[in-house]
Every structure is written in structure tokens, then in C-alpha cells.
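Reading through the C-alpha cells given below for one structure.
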Amino acid sequence: LMSVVAVVATVVLRGEVVMWLATRASKRIHARMLTSLLHAPLHYFDRTPPGRVLGIFSKDLDALDALLPQYGLDCAQDMTLLLGVIVVCVWATPVAAAVLVPVVAGFWKIRGFFSKTSRETKRMDATSRALVYTAVTEALDGLPCIRAHQQETDLLRHFARVVERNGKAFFQTYILQPWCILVLDSLSAAIVAVTTVLCVVLRDTLSLSVANLAISYSLLTRGKVHFTVRLSIETENQLIAAERLKNFLARIPLERCSGQPQKSWPLYGAIVFRDVTMRYHPDLPLVLHGLSLEIRAGSKFAVVGRTGSGKSSMLACLLRLVAIESGSVEMDGMD
């Protein structure tokens, strides 16, 4: 009874610890991503497809929350069980160790080949899925224009192309599993065959119970080997979500902030531009060149100029829609 209670307590404690660690890590990553996204400048959203942001915050975060802890825990459990099977077979028939070494090496080589292919198809699936999200959001945003210009047929064709592209990547990911099962089950059958033959050859030196134990445990490898390899590869594939989250977080530029203003600010509304230069992106030329002006508090002010003279750019600087490159924009003496 005490052994049963100890096993149950260990299983529950193991699950609780893994879930606590996974939930804590997921919360921290989500908080960092959301904070960085809220502090990103406006030009980042102009250049980043909305489908990429939706895919990161939906599918990739879901993989980090639910799939990665589950696959990781199951993989560790099955690997421990498989290691125990190999130890029992070698203990019962030590001669089997010489044969199991090349078989295990074959398992490792097949896993490496399958892992590389599966990892790349998983990346293709994630990338093509972002195009589907982008197509949906862009269609919803531009629905009046699409209907006004009667572009429904072209939109359906474009959506069918991106869905087909995503379906091809997903199918490649799915079709790899039967191949992996077939090859690994063949190697598992080799382990069973070697163990059985050795038990027959060494029947004069082995007891019946030991031979029965070795053959029974070797039969477990037929289902557990390919399942363990698949779990390890799925765990590695789900880590691609963590990789995408890390890359997404690293590429978000942060808007410069000089601190929080007082609650009473602005009090008068005086605006001063001091030698302001601004460009919409680091790769683009300047649109404001040393702009300096002063608008007194309470006064009415109008900006007149031809197209492209910088009227909207000056307003964008005032509202901090675009970060200025040099100079300062002060309101009631605060930059």
C-alpha cells in the first residue's frame, strides 16, 4: 500500500511541478511580448503583416502553453521506460549488448534524418499559416473596396492559393509519421528477434523466468520505440514556437520615452519645435529638415503648404505617431 501511495504522490508531484514551470514561463513570455508590442512605434505595424502577429499570439503561444509541456513530459517518461527495457534485455542476455549497439545507432541516425525534415516542414507550416491570417484580416479591412470594385473572384483565388500552400506544408508534416513508424517498427522487430534468438541459444544457462522477462520487455519496444522517437521530435518541433516567439520579440523596436508627465500636463498648450528632423524609417530619406517654430498658448495656428511639404509629418511628430530623429518637440516646456 505504501508503494502505491508513493507512486501516486510522485506522479502527481511531477505533473504539478511541470505544469507550474510551464505556466510560469508562458506567462512571462506573454507579458514581455505584449509589453514590447504596446511600446512599438507606429511604423512597425505599417510594415508587419497582421497575420504574423495573430499567428504568434494564437498558434505559437498555444504550442508553448499546452503542447510543449505535454510532449516534453511524455517524452521523458517513455525514454525512461525504453531505457529500462534495454537494461533488462542486456541484463538477461549480456551478449545482446553487442547487437543492440548498432541497432541503437540506427535508431539515432533515423531520428536525426526524420527530425531535420520534420523541423523544416513545421517551419514552413507556421510561415504559410501567417499568410492565411493576413489574407483574412486584409479582406475584412478592405471588404467595402473589394465589393465596390467587384474583386470577389480574385480574392477567392488568392485565398485558395494561400490555403493550398499551407495545406501542402501541413500534409508534408503529417505524411512523415507513417514512414517513421514503418522504419522504426522494423528496427524494433530486430531487437525482439535478437533477444528471442539469444534466449533460445542460451537456454541451458538462462532460467525460464529470466528468458520470459527478457522477451516480454523486448516486445514493448515495438510500440514504445517509434512513439518515443515521435514524442522527442514533436517536443523539438514545438520548440520552434519558442524560437519564433524569441525572434519576434527581438525584432520589435521600442519607442523612446523620457518619462511620465504630471497629471496636470498640459496646462497651457504652448508648443515649440526645436530643430526637428524626422524620417518615417531608418532606410528612408528625411522628410523634415531642421524644423523650428513656436506656437503660443491659446492661439489659433494654421499650416499651409503644397503636397509633400511636411504638414502631416509635423502633426505626426506632435502626436508621437513617428519618432523624431533629432531635435525636440516641447509642450508647456516638456519634451
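In the range 253-310, which residues are surrounded by 11 or more Cβ atoms within 10 Å (Cβ to Cβ), among the hydrophobic types (A, V, I, L, M, F, W, C) and closer than 16 Å to residue 322 by Cα?
Selection gives 254, 273, 276, 278, 286, 287, 288, 291.
Just name the residue that is modelled with the lowest pLDDT out of those in the range 54-73 that are farther than 21 Å from residue 21 by Cβ and open to solvent by less than 30 Å² (accessible area, probe 1.4 Å).
Going through the qualifying residues, I end up with 55.
Between residues in the range 142-153 that are among the basic types (Lys, Arg) and residues that are in a loop (DSSP other than H, G, I, E, B) and surrounded by 10 or more Cβ atoms within 10 Å (Cβ to Cβ), which pairs lie under 9 Å by C-beta distance while being six or more apart or on different chains?
Close Cβ pairs (under 9 Å, with a partner that is in a loop (DSSP other than H, G, I, E, B) and surrounded by 10 or more Cβ atoms within 10 Å (Cβ to Cβ)) do not exist here.
In the range 2-14, is there at least one residue being open to solvent by less than 50 Å² (accessible area, probe 1.4 Å) and not hydrophobic (A, V, I, L, M, F, W, C)?
Taking every residue of the range 2-14 in turn, none turns out to be open to solvent by less than 50 Å² (accessible area, probe 1.4 Å) and not hydrophobic (A, V, I, L, M, F, W, C).
Only one residue in 235, 195 is open to solvent by less than 60 Å² (accessible area, probe 1.4 Å), touching a Cys at 6+ places or on another chain (Cβ under 6 Å) and at pLDDT 80 or above. Which one?
After applying the criteria, what remains is 235.
Considering every residue within the range 27-37, establish whether at least one is open to solvent by 40 Å² or more (accessible area, probe 1.4 Å) and in contact with an Asp or Glu (Cβ under 8 Å, 6 or more places away or on another chain).
no
Check the range 62-71 and report whether any residue there is more than 16 Å from the chain's Cα centre (by Cα) and of a type in the set (D, E, K, R).
Looking through the range 62-71, none of the residues is more than 16 Å from the chain's Cα centre (by Cα) and of a type in the set (D, E, K, R).
Within the range 38-53, which residues are open to solvent by 90 Å² or more (accessible area, probe 1.4 Å) and touching an Asp or Glu at 6+ places or on another chain (Cβ under 7 Å)?
Residue satisfying the conditions is 39 alone.
Filter the range 22-52 for residues that are of a type in the set (A, V, I, L, M, F, W, C) and free of Cβ contacts under 8 Å to residues at least 40 places away in the same chain; which is farthest from residue 123 (Cα to Cα)?
Result: 38.
Give the residues of the range 276-307 that are among the acidic types (Asp, Glu) and over 19 Å from residue 319 (Cβ atoms), sorted by residue number.
Answer for the range 276-307, where residues must be among the acidic types (Asp, Glu) and over 19 Å from residue 319 (Cβ atoms): just 283.
What's the total number of residues in the range 311-322 that are open to solvent by less than 50 Å² (accessible area, probe 1.4 Å) and assigned to a loop (DSSP other than H, G, I, E, B)?
1
Of the numbered conditions (1) surrounded by 14 or more Cβ atoms within 10 Å (Cβ to Cβ); (2) modelled with pLDDT of 85 or more, residue 143 satisfies every one except a single condition; which is it?
Status for residue 143: all satisfied but (1).
What's the total number of residues in the range 242-257 that are part of a helix (DSSP H, G or I), in contact (Cβ under 8 Å) with a residue 60 or more places away in the chain and more than 27 Å from residue 179 (Cβ to Cβ)?
Number satisfying all stated conditions: 3.
With (1) over 31 Å from the mean Cα position of the chain (by Cα); (2) in contact (Cβ under 8 Å) with a residue 60 or more places away in the chain as the list, and residue 184 as the residue in question, which single condition is left unmet?
Only one criterion is unmet by residue 184, namely (1).
Quick check on my filter: what residues within the range 197-241 are in a helix (DSSP H, G or I), over 22 Å from residue 113 (Cα atoms) and either within 32 Å of the chain's Cα centre (by Cα) or without any contact (Cβ under 8 Å) to a residue 12 or more places away in the chain (or both)?
197, 200, 201, 208, 209, 212, 216 - these are the residues of the range 197-241 that are in a helix (DSSP H, G or I), over 22 Å from residue 113 (Cα atoms) and either within 32 Å of the chain's Cα centre (by Cα) or without any contact (Cβ under 8 Å) to a residue 12 or more places away in the chain (or both).
Within the group 138, 164, which residue is at pLDDT 85 or above, over 30 Å from residue 214 (Cβ atoms), under 24 Å from the mean Cα position of the chain (by Cα) and open to solvent by 30 Å² or more (accessible area, probe 1.4 Å)?
164
The values are calculated or read from the model by the stated rules, or taken from the named source; none is laboratory data. This one's a predicted model, so the numbers in the text were calculated from it and none came from an experiment. With ideal geometry, Cβ positions are generated from the backbone for all residues, glycine too; neighbour counts draw on all protein chains shown. Protein only, heavy atoms only, side chains kept; ligands, DNA and RNA dropped before computing areas. Shrake-Rupley method; radii C 1.70, N 1.55, O 1.52, S 1.80 Å.
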